[in-house]
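Written below as structure tokens is the structure these notes are about.
The values are calculated or read from the model by the stated rules, or taken from the named source; none is laboratory data. Just so it is clear, the model here is predicted, and its values are computed rather than measured. Here the Cβ is made from the backbone with ideal geometry for all residues, glycine too, and neighbour counts use every protein chain on show. Remember, those area values only see protein heavy atoms, side chains included, never the ligands or the DNA or RNA. Shrake-Rupley method; radii C 1.70, N 1.55, O 1.52, S 1.80 Å.
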Amino acid sequence: MLVTRLPKLAAISMSSLLSTSSSRQFTPFTPSSDSLFAYIESLQIQSAVSSSEDSGDPSQTKPDFGDFLDSGTGNHSLEWIVKLENEGCIDSWKAVTADVKMQNAVASKLATLKPDSSGEIVLGNWASSESTTAAVPSTLISHNTGTLLPSSTYDVILADYLLGAVDGFSPYYQDQILPRLKTHLKPNGKIYVVGLNPIPDTFPGSGNIICEIRRLRDACILLAGHRCYREYPVEWVERHMRGIGFECVSRRFPILWSGESALRQVNVAKSKLGLMKGTCRGGMKAEIERIEKEVERIFKGGKRIQVGFDYVVCGTLKE
């Protein structure tokens with residue numbers, strides 16, 4: 001989920017990253033327009049500066065991601081990877097998805113954005129020792145035929161909304177995904193877990209419409225015979241990461257809902273109507289129409305409502 005507001009970075013301001021004052025030839029690094037990814041970039045710059053022998057100038061330092069793994073890729077994270085690759089911040093990268101449709105989508109996007117990319121897109125499931133076999137006509141896709149990414153280790157691993165998606169592909173594996181990813185991390189490497197804190201059951205005032213939409217969407221998904229994503233609180237992530245030896249820091253990013261973003265979730269519910277059986281379809285259709293009218297009323301005039309937050313948890317493996 002995109003958050004439009006850039007955070008205020010305590011240790012390194014975004015303006016300092018854009019500074020060009022230096023006697024050395026240096027192309028300033030351009031922070032991501034996504035505030036969560038920009039925060040990750042700032043932490044990587046801090047790490048590079050703190051480990052530098054000459055205590056380097058942050059304004060003259062690019063984030064170094066080394067060997068990079070996107071453990072649950074999608075179009076948005078792939079765009080960010082390409083940006084980092086273009087700016088010389090990545091040595092090598094792989095991106096994993098368990099969804100054949102997503103594999104096709106990101107392969108197509110990569111072919112458009114950077115056909116000469118050195119990265120690989122891998123189709124596989126972290127809960128299985130075997131990858132999915134699907135014939136996708138693209139030289140940019142690596143088909144894993146044994147244990148997923150055997151013996152591969154990385155400096156940085158991104159889990160971008162991966163925990164929430166696990167229940168849709170590998171139910172009840174959530175408590176194992178972080179230990180599984182840890183086996184692919186180099187000493188002193190970092191895992192960045194990006195997630196959506198669960199939307200509450202109720203919320204004061206007009207913001208309660210977001211809670212209603214969440215219930216409607218999930219009900220329609222279940223009635224269509226599909227599995228819902230299951231988000232986990234930031235405290236759950238921190239607790240499990242510390243339990244397997246990570247040192248953690250985190251930041252929360254409040255979500256400002258617009259009528260457009262609310263209706264996108266309603267449209268997910270609407271897309272499931274054709275898959276429902278029996279008389280429930282008519283009842284859910286009527287409820288969707290009621291919610292749509294409520295969204296139009298509440299968000300009239302471009303109003304925005306803050307409900308919930310996204311988060312980034314940075315786990316550093318100290319060994």
What is the one condition in (1) open to solvent by 80 Å² or more (accessible area, probe 1.4 Å); (2) without any contact (Cβ under 8 Å) to a residue 40 or more places away in the chain; (3) under 21 Å from residue 201 (Cβ atoms) that residue 233 does not satisfy?
(1)
Considering only residues of the stretch 216-237 that are part of a loop (DSSP other than H, G, I, E, B), under 21 Å from the mean Cα position of the chain (by Cα) and not charged (D, E, K, R), which is farthest from residue 182 (Cα to Cα)?
228
Which condition number does residue 192 fail, the rest of (1) assigned to a helix (DSSP H, G or I); (2) more than 25 Å from residue 283 (Cα to Cα) being met?
(1)
Of the residues in the stretch 251-292, those that are polar (S, T, N, Q) and open to solvent by 50 Å² or more (accessible area, probe 1.4 Å) number 3
Looking at residue 177, is it under 30 Å from residue 45 (Cα atoms) and touching a residue at least 12 places away in the same chain (Cβ under 8 Å)?
yes
Determine whether residue 315 is closer than 24 Å to residue 184 by Cβ and of a type in the set (Gly, Ala, Ser).
yes
Output the residue which, of all residues in the stretch 149-181 that are modelled with pLDDT of 95 or more and charged (D, E, K, R), is nearest to residue 225 (Cα to Cα).
160
